[in-house]
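Report on one structure; see the data block that follows.
Any read-out appearing in this document is the output of simple, stated calculations on the displayed coordinates, not a laboratory observation. Here the structure is a predicted model, which means the values were calculated and not measured. All Cβ positions, even for glycine, are placed from backbone atoms using ideal geometry, and neighbour counts span all protein chains on display.
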């Protein structure tokens, strides 16, 4: 259902869909892959770039939207700038339903890396970098459900940093997949124990979501697929 691939392998799988959601990461330090054209953005997206004053946010949007449009263009056999993206009421980019093509995607960007997913069913992704000095208990108390807070406190101290990253990325991936934003945090819960496979305990839409996640070099990734 979820296939992790390299950036260079992504186009072949997008051209020959197998019913799986294709997931890949792109490091900011790497050059754009050969299959990604640098002129993929539309005039309205270029206007958004011009209005963005924060250099990092501007660079992340340009890189993320460029790779996304290239990937969707491969799947739809369209020039990247012609891929018809529209925004939902919550601001989530989706394919224009008018084209009648049931394709879903999601993107997440953090310091140094972006994660992309494209597939036949709703999908959400999140990527986060481990940071020392975070107030984990404070963040858990603020953003996690009562059951998650109880589980977090019951875990051995040496597992709590990993448990927090699993919970943070997993919940964000589900919320992004549903497209509801953080207003549904109270209705989203995951298993925090890093010794077990990732699992969804409660989703905002009541649907059956499959969750997977992994950690590479202090970077945590999560993918939720309905």
Requested in this report: For each of 111, 39, count neighbouring Cβ atoms within 10 Å of the residue's Cβ, then give the residues from fewest to most.
Outcome: 39, 111
Report task. Return the ratio Rg/(2.2 N^0.38 Å) for the range 2-121, where Rg is computed over Cα atoms only. Result -> 1.01
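Among 164, 152, rank each residue by its count of other Cβ atoms within 10 Å, from fewest to most, as a rough exposure measure.
In increasing order of surrounding Cβ atoms, one gets 152, 164.
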**Report entry** Residue-averaged [θ]222 nm for the chain, counting only DSSP H segments that reach four residues, each worth -39500 (n - 2.57)
**Finding:** -10000 deg cm²/dmol
Query raised in the report: Full extension from residue 58 to residue 187: what is 0.36 nm times the residue separation minus their Cα-Cα distance, to one decimal in nm?
Result: 43.2 nm
Requested in this report: May I ask you to sort 174, 2 by Cβ crowding, counting other Cβ atoms within 10 Å and putting the fewest first?
Outcome: 2, 174
Requested in this report: Measure off 7 Å from each Cα along the Cα-to-Cβ vector at residue 44 and residue 137, then give the distance between these two points in nanometres to one decimal.
Outcome: 4.8 nm
Requested in this report: Compute the relative contact order of the range 2-121 as a whole-number percentage, counting only Cα pairs closer than 8 Å that sit 6 or more residues apart in sequence.
Outcome: 30 percent
Query raised in the report: How big is the equivalent ellipsoid of the range 146-226 along its three axes, where each semi-axis is √(5λ) from the Cα gyration tensor, reported in whole Å from largest to smallest?
Result: 20, 14, 10
Query raised in the report: How big is the shadow of the Cα convex hull of the range 91-200, averaged over all directions, in nm²?
Result: 7.9 nm²
Report task. Specify the angular offset, from 0 to 90 degrees and rounded to the nearest 10, of the alpha carbon long axis of helix 55-76 from the longest principal axis of the alpha carbons in the chain. Result -> 70 degrees
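May I ask you to derive the relative contact order of the range 77-206, considering only C-alpha pairs under 8 Å and at least 6 residues apart, and to give it as an integer percent?
19 percent
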